[in-house]
Structures are given as structure tokens and as C-alpha cells.
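Read the figures in this text as sums done on the coordinates, not as results from a lab. Please read all numbers here as calculations on a predicted model, not as lab measurements. Methodologically, a virtual Cβ is constructed for each residue, glycine included, from the backbone with ideal geometry; neighbour enumeration extends over all protein chains shown.
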Amino acid sequence: KQEVTQIPAALSVPEGENLVLNCSFTDSAIYNLQWFRQDPGKGLTSLLLIQSSQREQTSGRLNASLDKSSGRSTLYIAASQPGDSATYLCAVRALGTYKYIFGTGTRLKVLA
Amino acid sequence: GAGVSQSPSNKVTEKGKDVELRCDPISGHTALYWYRQSLGQGLEFLIYFQGNSAPDKSGLPSDRFSAERTGGSVSTLTIQRTQQEDSAVYLCASSLAPTSDEQYFGPGTRLTVT
């Protein structure tokens, strides 16, 4: 059974810092992995999607990497801003299914 | 264009009553997901619809939960004989799968069972 873990559960950093969020999964037979952000009281916004054949994806100040064999993905946020404060979730889609398994998230607070 | 919409935004119901939650996906999106997010928990997959294919119902927690998608567009999640443990935020998402797996989420329905 696929399990997705995110560490740390919460993180507080001063503005301007570069930071790394971690996601690990137990079954490497995945189709793709997505990173989302969730603002309080709102739905999720897709940030980056990495196919199983890819090693990384970049969008602006965000870079996500995938090491499928070790069951890990990282989300790197450069030059963090207070507007980056949110909960970040990763989710994996197993091969042969459209079902996504989500981690419990990392709650990020960027202090001005 | 319009995003995914869900109604109602909040629903308070008494234990034992039935509730219906509605999701309007983005026009043209063939795939639709329902998830549940309980307090302090991650998102839990409930059900997935893809075009005219049979839905993947493997995440529904009990036979009190059912969902349908009419005409490949609007979806309704029904919970019968609600229990207090059903209290959660119910999120709907749509995508252009299999062309693109990028999911677009609605704002959710917060269900409280008293």
C-alpha cells in the first residue's frame, strides 16, 4: 500500500531564505508526482507535475525534483516571500490507476 | 474562464440525515475527482470519474457514500445516514486526463454533522 510522508510538518523561516520541502513515498511504481499549495479555507492549486520519466520541473522560484528509485521528491523554493506562506502537499499517482495518494503536508510560514 | 465550483460551501446537518454535495467541473474537463479532508489529515481519495468509463470507487469509505456524474459534467456526492465522523471538507477537482493530469480544485464544501 502506497504511503506518502512529508517532512517537516511545519516550517517557519525569515523572508528571503531558500528552503526545501521533502516528500517520500513507499512504492516507486508511480506514474507521476504533483506538488500543490493550499491556502487556509481554500482548495488546492497545482504547482508542479513531474512525470516518472523526469528528474525535475521548474516554475519561477519553484523547482521540484524526483528520485523515483529512492522514493523521494523535494520542492525547492528560492528567495521565499510572505506570500509563499501556505500548506504544501505532494501527491503520487500509482501506475495503472488515476488515484492520487496525498501526503499530510508541510505548513510553511514565511516571516516578513 | 470559470473554475471548479462546489455547492453548498457549508452544510450543517443532523446525524442520520442524508446530504448531497455538488461539483461543477471546468467545462470540457473529462476527469473528475472527489476527495475528503478531515481536520489535521491529508486528502483522502474517494472516487474518480473519467469520461464514460466506469468510475473508480475504491476510496469510498462505506456504502453510505455514493456519487454520480450526469452527462459527463456535474457530479453529486451523496452521503446517506450521516455520522459525526463524516464531518470534513469535501473537495472536488477536475482535469483533462489522460491528456493532462494537472488537477484544478474547487473551494470545497465544509460538512458538519451534529
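At a glance:
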item: By average C-beta atoms within 10 angstrom, highest first, the peptides A:56-67, B:34-45, A:84-95; result: A:84-95, B:34-45, A:56-67
item: Modelled label reach - B:ARG64, point 7 Å along Cα→Cβ, the range B:82-113 residues with backbone N closer than 13 Å; result: B:82-88, B:112-113
item: Label-zone membership for the range B:30-54, site B:GLU85, 7 angstrom Cα→C-beta point, backbone N under 19 Å; result: B:35-47
item: Assigned charges on the beta-carbon of Lys, Arg, Asp, Glu; chain B dipole about Cα centre (debye); result: 260
item: Distance from the range A:61-112 to the range B:20-35 (C-alpha centre basis), Å; result: 24
item: Sites A:LEU19 and B:THR99 - FRET efficiency at Förster radius 25 Å, r taken between beta-carbons, to 0.05; result: 0.15
